[in-house]
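Attaching a single structure in structure tokens format; questions to follow.
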Amino acid sequence: GDGYQAWLGFHRIAPGELYDQYAVYNRITVTEKDDIVRTAISELSRGIASILGNEPEVAESGVGVPCIAIGTFGSNPIVDRTFGNDTRSAVGPEGFAIKSDKDNRCIAIGASSGSGILYGVFHLLRLMSTGATIDKLDLVENPVNMLRMINQWDNIDGSIERGYAGKSIFYANNRITGDLERVRDYARLLASSGINAISINNVNVHKYESMLLTQEYLPDVAKFAAIFRSYGIKLFLSINYASPLEIGGLSTADPLDPAVREWWRGKAAEVYAAIPDFGGFLVKADSENRPGPFTYDRDHADGSNMLAEALKPYGGIVIWRCFVYNCKQDWRDRTTDRARAAYDHFKLLDGRFMDNVILQVKNGPMDFQVREPVSPLIGAMEATNQMIEFQITQEYTGQQRHLCYLIPQWKEVLDFETYAKGEGSSIKRIVDGSLYGNRFSGFAAVSNIGNDANWTGHLLAQANLYGYGRLAWNPELAAEGIAEEWIRQTFGGNEKLVRTILGMLMESWSIYESYTAPLGVGWMVNPDHHYGPNVDGYEYSKWGTYHFADCYGIGVDRTQASGTGYAAQYRGANYDRYESVESCPDELLLFFHHVPYAHVLHSGKTVIQHIYDTHFEGAERAEQLKAKWDSLTGSMDEGLHKQVASRLAEQAEHAKEWRDMINTYFYRKSGIADQLGRKIY
Ligand code: BDP
């Protein structure tokens, strides 16, 4: 096994009670022929064939014989007789209902769209491949978030920005790839976890990527769109704000210039002629050397509205990223603070964006560190559509060489109470659009896949991709539940194996956090590639990411009283909690405060002892991960076992390097010895 099937391997089940229960349903009835319904039928047939060992029959009618009946309401008599009006009206545009009729030995899957059918089919397959009982089903599911999007950071030369699993599956040598089968398999993985949108090129758009908008490339982009369409996934492109200059022959990209507006209108018409259901543009502007409206003294509202106007006639949207900050700041000017930037840039523009613009905000104010507070911009603009951006690719969390199951981190973010409209204003209610009644909203995340055989490099990193989709579908799902689903589908149902891997996934984030940068301060990585420890790597750099360690103490004073004032971007109780060194939670202490090494945490330990302890324990726990995995030898496919074993061995070694570098650094800075007298170099 190489892991290519991921969670869609559909392991054969052994003869027995469950087999007999499932085997009854060896006939599918369906009357519709639309593209997505056809996808659903082929997925269901394929899945059942694999689970039971024989292909089900597909027929137009099945009255009187056991079957799985699928259809949109009003098109399949069995579906229609199964679901009453109450159920039908409870099923939204992408939702579905499933009900088992034990007497007639039938399972009906009803929906109001092809996508709903497809999600219903994947839901049933998930139940079967996790060993659930399926003859008493009666459920309705609707996705909580409207947009459930994946952002590829693929470059057209075949490389992937922050990719840790090989090269692009979309491009090679400045052309679109011919391996459409692999792209289809990716679409299957995404749709089965609930994803409905994808942007297929890096947010850093260079000259060649801009060419995706031209006649030379559009027909090939349309081929991708067709594949994704048959899985209910809309295609988006990242664009370069200076495209009118780069590929349009204009001398300006000023959003208020009539020629520029006209150029984008024409471009939109061309794109929609090739892809009638094109999703829209994703834009990184005025950020990290990317062009944008600032060049022309215009702001982000001017910039995004101009594009939104061009897309509006076709129902397209502009997703405008808020990752905007000064990456050339003077490190000697210690009053500037990168954490403040997104809020400072965007907050005052609230109300000025067209209703087909969505602001995409990273989950934290900095950049996908292992621990950050939640971005105070999310929820701070009540008249603006917002979506949240997560990073599945493990840029700062071990680059898929270390194990780091990220769903628990995202759950904390989603559950965070912002007080934006008083109590009950959690992040998940802002990004699902319910708090402010937004027209558009949802989730986006940077993908972690490449052309490695198992998609994600580290096999266990597949759980992050799967889990992201499941969480975007329903943020109420528990991190453990999602992990367990993934494990059972991927490895089968051996209980010891399930418990062991579940335990490993659930503690992995805390392990990674414990041997890397302490107490929320972040950034102790090597500049540029961001792998491995380098305590001062960014300390005197223009990127604005500091820890301010000296011989007295460490941490960034972001208080209103004496620091950068970042804490004041939070509301009410959150501001109070972060502003005061007494109430600030330990895990974020150094993000908000500069404290002496002898400062005592809520845990009762001093900061310096906390650093020593967590680093010793973290390296130790990484070693145990390896041992736990070793205990599974023989209870799974050998190839899969080996893949992970070698990654965990590397992690255990590397965790020691982190431990030693960080402990030694702080021992020398502080001169304070470890209370337990362990060896520090
Ligand atoms: C950072 C990455 C950089 C991305 C940037 C972004 O280091 O490669 O281009 O985020 O999100 O995390 O635009």
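The values are calculated or read from the model by the stated rules, or taken from the named source; none is laboratory data. Nothing here was measured: the structure is a model prediction, and the numbers come from that model. Note that we place each Cβ from the backbone using ideal geometry, even for glycine, and neighbour counts take in every protein chain shown. For accessibility, only protein heavy atoms count, side chains too; no ligands or nucleic acids. Shrake-Rupley method; radii C 1.70, N 1.55, O 1.52, S 1.80 Å.
Looking only at segment 517-567, count every residue that is assigned to a loop (DSSP other than H, G, I, E, B) and either away from the ligand (no atom under 16 Å from the Cβ) or among the charged types (D, E, K, R) (or both) and tell me the total. Before you say what the answer is, go through the steps one by one.
First, the residues of segment 517-567 that are assigned to a loop (DSSP other than H, G, I, E, B): 517-524, 526-532, 534-552, 555-565.
Next cut, either away from the ligand (no atom under 16 Å from the Cβ) or among the charged types (D, E, K, R) (or both) only: 518-521, 528, 535-536, 539-540, 542, 546-552, 555-565.
So the count comes out to 28.
So I51 fits all but one of (1) surrounded by 15 or more Cβ atoms within 10 Å (Cβ to Cβ); (2) more than 21 Å from K102 (Cβ to Cβ); what number is the exception?
Of everything listed in (1) surrounded by 15 or more Cβ atoms within 10 Å (Cβ to Cβ); (2) more than 21 Å from K102 (Cβ to Cβ), I51 misses just condition (2).
Does segment 66-82 contain any residue that is closer than 23 Å to S193 by Cα and within 16 Å of the ligand (Cβ to nearest atom)?
no
May I ask you to list the residues in segment 143-179 that are surrounded by fewer than 17 Cβ atoms within 10 Å (Cβ to Cβ) and in contact with a helix residue (DSSP H, G or I) (Cβ under 9 Å, 6 or more places away or on another chain)? It would help to see each step written out before you state the result.
Going residue by residue through segment 143-179, those that are surrounded by fewer than 17 Cβ atoms within 10 Å (Cβ to Cβ) are 157, 159, 161, 173-175, 178-179.
Correct list: D157, N174, R175.
Can you name every residue in segment 636-656 that is within 16 Å of L460 (Cα to Cα) and of a type outside the set (A, V, I, L, M)? Write out each step before concluding.
Filtering segment 636-656 for residues within 16 Å of L460 (Cα to Cα) gives 636-652.
Matches in segment 636-656: D637, E638, G639, H641, K642, Q643, S646, R647, E650, Q651.
Would you point out which residue out of G492, G503, G522 is open to solvent by less than 40 Å² (accessible area, probe 1.4 Å), under 30 Å from I51 (Cβ atoms) and at pLDDT 95 or above? Reasoning before the result, please.
Values: G492 fails: at pLDDT 95 or above; G522 fails: under 30 Å from I51 (Cβ atoms).
Sole residue among the options that is open to solvent by less than 40 Å² (accessible area, probe 1.4 Å), under 30 Å from I51 (Cβ atoms) and at pLDDT 95 or above: G503.
Quick one: count up the residues across segment 13-39 that are open to solvent by 40 Å² or more (accessible area, probe 1.4 Å), under 29 Å from I233 (Cα atoms) and not polar (S, T, N, Q).
Number of matching residues: 5.
Ok, one more. Please find, among N494, N464, N474, the residue that is over 25 Å from S238 (Cα atoms), polar (S, T, N, Q) and within 15 Å of the chain's Cα centre (by Cα).
Only one candidate qualifies: N474.
Follow-up question, since we're still on this one. Tell me whether segment 353-361 contains one or more residues that are at pLDDT below 95, within 13 Å of the ligand (Cβ to nearest atom) and not aromatic (F, W, Y). Break it down into steps so the answer makes sense when it comes.
We begin by selecting, within segment 353-361, every residue at pLDDT below 95; these are none.
No, there is no match, as no residue in segment 353-361 is at pLDDT below 95, within 13 Å of the ligand (Cβ to nearest atom) and not aromatic (F, W, Y).
What pairs can you find where one residue is in segment 440-459 and over 21 Å from K284 (Cα atoms), the other is hydrophobic (A, V, I, L, M, F, W, C) and assigned to a strand (DSSP E or B), and their Cβ atoms are less than 8 Å apart, with a gap of 6+ or different chains?
Matching pairs, first to second residue: G450/I160.
Please enumerate the residues belonging to segment 304-333 that are open to solvent by 60 Å² or more (accessible area, probe 1.4 Å), touching a residue at least 60 places away in the same chain (Cβ under 8 Å) and away from the ligand (no atom under 16 Å from the Cβ).
Across segment 304-333, the qualifying residues are D330, W331.
Considering only segment 568-579, state which residues are buried (at least 19 other Cβ atoms within 10 Å of the Cβ) and either within 16 Å of the ligand (Cβ to nearest atom) or of a type in the set (S, T, Y) (or both).
Result: Y570, Y578.
Follow-up question, since we're still on this one. Touching a Gly at 6+ places or on another chain (Cβ under 6 Å), open to solvent by less than 20 Å² (accessible area, probe 1.4 Å) and closer than 23 Å to L237 by Cα, is that true of I358? Spell out the reasoning first.
Details: touching a Gly at 6+ places or on another chain (Cβ under 6 Å): no; open to solvent by less than 20 Å² (accessible area, probe 1.4 Å): yes; closer than 23 Å to L237 by Cα: yes.
Here the answer is no, as I358 does not meet what is asked.
Sort out which residues of segment 609-662 are touching a strand residue (DSSP E or B) at 6+ places or on another chain (Cβ under 9 Å) and of a type in the set (F, W, Y), and write them in order of number.
W658, the sole residue that qualifies.
Answer with yes or no whether D179 is farther than 18 Å from I150 by Cα, at pLDDT below 95 and away from the ligand (no atom under 16 Å from the Cβ).
Numbers: farther than 18 Å from I150 by Cα: yes; at pLDDT below 95: yes; away from the ligand (no atom under 16 Å from the Cβ): yes.
So D179 fits the description; yes.
For segment 379-409, enumerate the residues that are within 16 Å of the ligand (Cβ to nearest atom) and touching a helix residue (DSSP H, G or I) at 6+ places or on another chain (Cβ under 8 Å). So that I can check it myself, show each step before the final result.
Initially, segment 379-409 is screened for residues within 16 Å of the ligand (Cβ to nearest atom), giving 387-400, 404, 406, 409.
Once the filter is applied, which keeps residues that are within 16 Å of the ligand (Cβ to nearest atom) and touching a helix residue (DSSP H, G or I) at 6+ places or on another chain (Cβ under 8 Å), segment 379-409 yields M387, I388, F390, I392, Q394, T397, G398, Q400, C404, L406, Q409.
Would you call S210 modelled with pLDDT of 95 or more and open to solvent by less than 10 Å² (accessible area, probe 1.4 Å)? Steps first, answer last, please.
Working: modelled with pLDDT of 95 or more: no; open to solvent by less than 10 Å² (accessible area, probe 1.4 Å): yes.
No; evaluated as a whole, the condition is false for this residue.
Next up: Restricting attention to segment 251-303, and to residues there that are buried (at least 19 other Cβ atoms within 10 Å of the Cβ), away from the ligand (no atom under 16 Å from the Cβ) and under 25 Å from the mean Cα position of the chain (by Cα), which single residue is farthest from D367 (Cα to Cα)?
Only one residue fits best here, namely F278.
Here's something else I'd like to know. Are any of the residues in segment 208-229 part of a loop (DSSP other than H, G, I, E, B), more than 21 Å from D157 (Cα to Cα) and away from the ligand (no atom under 16 Å from the Cβ)? Even if it seems obvious, please write down each step before you answer.
Taking segment 208-229 as the starting set, the residues that turn out to be part of a loop (DSSP other than H, G, I, E, B) are 214-217.
Cutting the leftovers down to more than 21 Å from D157 (Cα to Cα) gives us none.
The answer is no; no qualifying residue exists.
Same structure again: What are the residues in segment 190-207 that are open to solvent by 10 Å² or more (accessible area, probe 1.4 Å), closer than 30 Å to L471 by Cα and within 16 Å of the ligand (Cβ to nearest atom), if any? Quick ask: steps written out before the conclusion?
Initially, segment 190-207 is screened for residues open to solvent by 10 Å² or more (accessible area, probe 1.4 Å), giving 196, 204, 206-207.
Subsequent filtering for residues that are closer than 30 Å to L471 by Cα retains 196, 204.
Scanning segment 190-207 gives a single hit, N204.
Out of segment 16-57, which residues are under 15 Å from G493 (Cβ atoms) and part of a loop (DSSP other than H, G, I, E, B)?
Listed by number, the list holds a single entry, G16.
Exactly one of (1) in contact (Cβ under 8 Å) with a residue 60 or more places away in the chain; (2) in contact with a Lys or Arg (Cβ under 9 Å, 6 or more places away or on another chain); (3) of a type outside the set (F, W, Y) is unmet by G232. Its number?
(2) is the only condition that G232 fails.
Continuing with the same structure: Being out of contact with any Asp or Glu (no Cβ under 9 Å at 6 or more places or on another chain), under 30 Å from L648 (Cβ atoms) and surrounded by fewer than 20 Cβ atoms within 10 Å (Cβ to Cβ) is the filter here, so list the residues in segment 602-621 that pass it.
Passing the criteria: E617, E620.
Any residue at all in segment 404-425 that is open to solvent by less than 10 Å² (accessible area, probe 1.4 Å), among the small types (G, A, S), more than 30 Å from A6 (Cα to Cα) and in contact (Cβ under 8 Å) with a residue 24 or more places away in the chain?
So far as segment 404-425 goes, yes, one or more of its residues are open to solvent by less than 10 Å² (accessible area, probe 1.4 Å), among the small types (G, A, S), more than 30 Å from A6 (Cα to Cα) and in contact (Cβ under 8 Å) with a residue 24 or more places away in the chain.
Quick test for you: out of F368, F346, pick the one residue that is among the hydrophobic types (A, V, I, L, M, F, W, C), within 16 Å of the ligand (Cβ to nearest atom) and in contact with an Asp or Glu (Cβ under 8 Å, 6 or more places away or on another chain).
Values: F346 fails: in contact with an Asp or Glu (Cβ under 8 Å, 6 or more places away or on another chain).
Only one candidate qualifies: F368.
From H599, H547, grab the single residue that is touching a residue at least 24 places away in the same chain (Cβ under 8 Å) and open to solvent by less than 30 Å² (accessible area, probe 1.4 Å). Quick ask: steps written out before the conclusion?
Values: H599 fails: open to solvent by less than 30 Å² (accessible area, probe 1.4 Å).
That would be H547, the only listed residue that is touching a residue at least 24 places away in the same chain (Cβ under 8 Å) and open to solvent by less than 30 Å² (accessible area, probe 1.4 Å).
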